[in-house]
Amino acid sequence: MASNQPKHGTQSDKKRFFDKKFILTIVFIAIVSITFNFISAKDTQDNKYNIISETDRTCQIDISVEQPIFSMNIFELVKHIKRNSKELIIPEKVDINGKEYTVVKITGSTEKKVFESVALPNSLIEIGDHAFYGCSSLQTINIPNSVKSIGDGAFSYCTNLQTVIIPNSVKSIGNGTFYRCSSLQTVIIPNSVESIGNGTFYRCSSLKEIDIPDSVESIGNEAFKDCSSLQTVIIPNSVESIGEKAFEGTPWEKNKQ
């Protein structure tokens, strides 16, 4: 005799139902996200690149503004997220309102973003203040020979940064540029640098030696303060002024006494 009671779905039926519901929810969120990016893409692009010179066709890039993703399919989007979570690529040329401009300056900050590597273009002239502040996963940085100045705190709190080679195009290193880069072991300063700012290498506790080139005329206050592993320092006769507490808290300073 057939039962008139309603049949309840099996566990597998329920699982399939919730799986479909979950997938539909994800698809809906993705559509809303991509639609939002499509609507705001022009504003994002306009805010990201700022024209410096119409004559020279140069611009600066604000790295704190996210890249628009409106034109990507789902596979490109996944690839974009995976790549950009580990690597930041700054383009050399960008299109603004149908015209090509060269990127010569970085502004903004990548604070709280996780990058293991950064690719900078050969057109770059200036790295702005606090550009890579707090990029704690960044281990190495290749600064191109086009760069002339590195801003204040540009790489401060990059606690995994181990090696820095400053190109011979750089004339000045800003205040606190490598402040508290506790894993920094190797720094090569070229013969073009004329000044080392205040607190530039403050508490770089893994730095063991520093060879200051004879182009340097001044070393700022607390420039190498609390570099607790710094044992060897070569200071040329070209240095006319050394700021207060420039080498305080270093083994090199203690051995001098």
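The values are calculated or read from the model by the stated rules, or taken from the named source; none is laboratory data. Remember, it's a predicted structure, so these values are computed and weren't measured experimentally. Glycine also receives a Cβ, built like all others from the backbone with ideal geometry; neighbour counts cover every protein chain displayed.
If you filter region 189-208 down to residues that are in contact with a Leu (Cβ under 8 Å, 6 or more places away or on another chain) and of a type in the set (A, V, I, L, M, F, W, C), you find that the one that is surrounded by the fewest Cβ atoms within 10 Å (Cβ to Cβ) is L207. Checking the structure you have, find out if any residue of region 156-175 is in a loop (DSSP other than H, G, I, E, B), farther than 18 Å from I51 by Cα, in contact with a Leu (Cβ under 8 Å, 6 or more places away or on another chain) and aromatic (F, W, Y). The answer is no, given that none of the residues of region 156-175 is in a loop (DSSP other than H, G, I, E, B), farther than 18 Å from I51 by Cα, in contact with a Leu (Cβ under 8 Å, 6 or more places away or on another chain) and aromatic (F, W, Y). Checking T102, T159, T163 one by one, the residue that is over 24 Å from I188 (Cα atoms), at pLDDT 90 or above and surrounded by 14 or more Cβ atoms within 10 Å (Cβ to Cβ) is T102 and no other. Criterion applied to F178, F224, F247 was being of a type in the set (F, W, Y) and closer than 21 Å to I106 by Cβ, and the one residue passing it is F178. Residues in region 202-234 that are more than 18 Å from S183 (Cβ to Cβ) and acidic (D, E): D211, D214, E217, E222. Before we move on, is V118 β-branched (V, I, T), outside any loop (DSSP other than H, G, I, E, B) and more than 24 Å from S229 (Cα to Cα)? Spelling it out, V118 is indeed β-branched (V, I, T), outside any loop (DSSP other than H, G, I, E, B) and more than 24 Å from S229 (Cα to Cα).
Of the set (1) among the acidic types (D, E); (2) touching a Lys or Arg at 6+ places or on another chain (Cβ under 9 Å); (3) over 24 Å from E92 (Cβ atoms), all apply to D152 but (2). On the given criteria, is T186 without any contact (Cβ under 8 Å) to a residue 60 or more places away in the chain, closer than 26 Å to S137 by Cβ and surrounded by fewer than 23 Cβ atoms within 10 Å (Cβ to Cβ)? Judged against the criteria, T186 is a match.
Selection of region 235-257 for residues being outside any loop (DSSP other than H, G, I, E, B), over 19 Å from F178 (Cα atoms), in contact (Cβ under 8 Å) with a residue 12 or more places away in the chain and not hydroxyl-bearing (S, T, Y) yields P251, W252, N255. Residue-level analysis places F115 outside the set of residues that are surrounded by 17 or more Cβ atoms within 10 Å (Cβ to Cβ), within 14 Å of the chain's Cα centre (by Cα), under 20 Å from I189 (Cα atoms) and of a type outside the set (G, A, S).
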